[in-house]
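Student: Below: one structure in structure tokens.
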Amino acid sequence: MKITKKDVEHVATLARLRFDEGEVELFTDQLNKIMEYFEKLKNVDTTGVVPSTHAVDLSNAFREDAVKKSLPSDESLKNAPDSEQTFFKVPKIIEV
């Protein structure tokens, strides 16, 4: 599959990018080199190679959820710069 300048310009339009003529030619050339490499990869013998989704085996690093006693409100608000009842009070940042 050959990438054309028209393809690069179309994708640039979709991404709302503007390129000058030199950049369009450069990207067209670079993308075509990448596509040529993919064509080479199609010729690699992969018989007996197990498909994988990651280069190394992964294991879940998360711990099991456990119900624990929460920090009391007065203790959690002790160092807060400002609070109201049992809540942290923060300055309004949205202007209307």
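The values are calculated or read from the model by the stated rules, or taken from the named source; none is laboratory data. Bear in mind the structure is a predicted one, so any value in this text is a computation, not a measurement. All Cβ positions, even for glycine, are placed from backbone atoms using ideal geometry, and neighbour counts span all protein chains on display.
Student: For the stretch 35-67, name all the residues that are among the basic types (Lys, Arg) and modelled with pLDDT of 90 or more.
Tutor: Result: Lys40, single match.
Student: Here's a follow-up. Anything in the stretch 69-94 that is charged (D, E, K, R), assigned to a loop (DSSP other than H, G, I, E, B) and more than 33 Å from the chain's Cα centre (by Cα)? List them, or say none.
Tutor: Lys69, Lys78, Asp82
Student: Could you check the stretch 23-65 and list, in sequence order, the residues that are closer than 30 Å to His10 by Cβ and among the hydroxyl-bearing types (Ser, Thr, Tyr)?
Tutor: Scanning the stretch 23-65 gives Thr28, Tyr37.
This table checks each residue for (1) under 27 Å from Ile3 (Cβ atoms); (2) touching a helix residue (DSSP H, G or I) at 6+ places or on another chain (Cβ under 7 Å); (3) of a type outside the set (Lys, Arg).
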| site | (1), (2), (3) |
| --- | --- |
| Leu26 | yes, no, yes |
| Thr47 | no, no, yes |
| Val56 | no, no, yes |
| Phe62 | no, no, yes |
| Asp65 | no, no, yes |
| Lys69 | no, no, no |
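Student: Moving on. With the requirement that a residue be of a type in the set (S, T, N, Q) and surrounded by 10 or more Cβ atoms within 10 Å (Cβ to Cβ), what does the stretch 55-85 give you?
Tutor: If the condition is that a residue be of a type in the set (S, T, N, Q) and surrounded by 10 or more Cβ atoms within 10 Å (Cβ to Cβ), then Ser73, Ser76, Ser83 are the ones that fit.
Student: Quick one: Glu36 ticks every box in (1) under 25 Å from the mean Cα position of the chain (by Cα); (2) more than 11 Å from Lys5 (Cα to Cα); (3) surrounded by 10 or more Cβ atoms within 10 Å (Cβ to Cβ) except a single one, so which number is it?
Tutor: Going through the list (1) under 25 Å from the mean Cα position of the chain (by Cα); (2) more than 11 Å from Lys5 (Cα to Cα); (3) surrounded by 10 or more Cβ atoms within 10 Å (Cβ to Cβ), Glu36 breaks only (1).
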